[in-house]
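> Before I ask anything, here is the structure I am working with.
The values are calculated or read from the model by the stated rules, or taken from the named source; none is laboratory data. On a predicted model such as this, the values are computed, not experimentally measured, just so you know. Quick reminder, even Gly has a Cβ in these numbers, built from the backbone with ideal geometry, and neighbours come from all protein chains shown. Areas reflect the complete protein model, heavy atoms only, side chains present, ligands, DNA and RNA absent. Shrake-Rupley method; radii C 1.70, N 1.55, O 1.52, S 1.80 Å.
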Amino acid sequence: KELVKTRIQEQKAEVKSKLANIKDEKKKASVEKIIVKIQQLNADTVEKLSKKLNQIEGVLVKIESRVSKAEANKVDVTEVKKEIEKAKTTISETREALVKQAQKTYIIDQTATEENLKAEIKNIRDTFNKDTKSMYEAVKKAHESVRNVATSLAKVPKIDEQPKQEETTNQEKIIINQ
């Protein structure tokens, strides 16, 4: 959180320097406020999606423990293992995308003038919305892949059953009964 706050302060200073050629103080303050708000929304969104991704990853860990339990019981889970690898790949790709999104900055160009300021802000807002939607879609994809793993694990029969011990022979039964 502290890192995010310092980055936002640095970006705020950068925005102020880029707005130096704009004369209208109201516009300058408004643009600065909008840019800072977008940066804060970006940080909050990335944090929220990271928490969700951690939760999804936790579910995958629980599924993996069930798979290892099934393997110990000599149940065939090769298809589930393939699904787990796909889910891990999807989660790691999503995590990388979240890191990239956290590093993105939404700042107006140095060439922005009072005439094209509205279009510049609209462009920044649209870019932010597009990036946010792609992040949500990536997290949904990771969730769907873990859901597929759980579904394929549910299709495997006799996961929780303990392996049966070999039956005692007749001679052992006779000895036990005496």
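> Ignoring ligands, DNA and RNA, what percent of the 1.4 Å accessible area of the stretch 33-164 is carbon and sulfur?
After summing per-atom areas, the C and S share lands at 54 percent.
> What FRET efficiency would be calculated for the residue pair Lys118, Lys140, taking the C-beta separation as r and a Förster radius of 45 Å, to the nearest 0.05?
0.85
> Keeping all protein chains in position, work out how much accessible area Asp109 exposes to a 1.4 Å probe, and write it in Å² to the nearest 10.
Rounded to the nearest 10, the figure is 80 Å².
> Pairs Lys26/Lys100; Lys51/Lys122; Lys48/Lys140; Lys28/Lys118: which are spaced more than 23 Å apart, C-alpha to C-alpha?
Pairs exceeding 23 Å: Lys26/Lys100; Lys51/Lys122.
> Let me ask something else about it. Just to confirm my numbers, what's the Cα centroid distance between the stretch 70-149 and the stretch 25-60 in Å?
14 Å
> Apply the a/c threshold of 1.5 to the C-alpha gyration tensor of the stretch 23-86 and tell me whether it is rounded, prolate or oblate.
Prolate, since a/c reaches 1.5 and a/b exceeds b/c.
> Here's another thing I want to ask about it. Tell me, what is the percent relative contact order of the stretch 32-138, built from C-alpha pairs under 8 Å that lie six or more residues apart?
41 percent
> With a Förster radius of 35 Å, plug the Cβ-Cβ distance of Val36 and Glu96 into 1/(1 + (r/R0)^6) and report the FRET value to the nearest 0.05.
My answer for the efficiency is 0.85.
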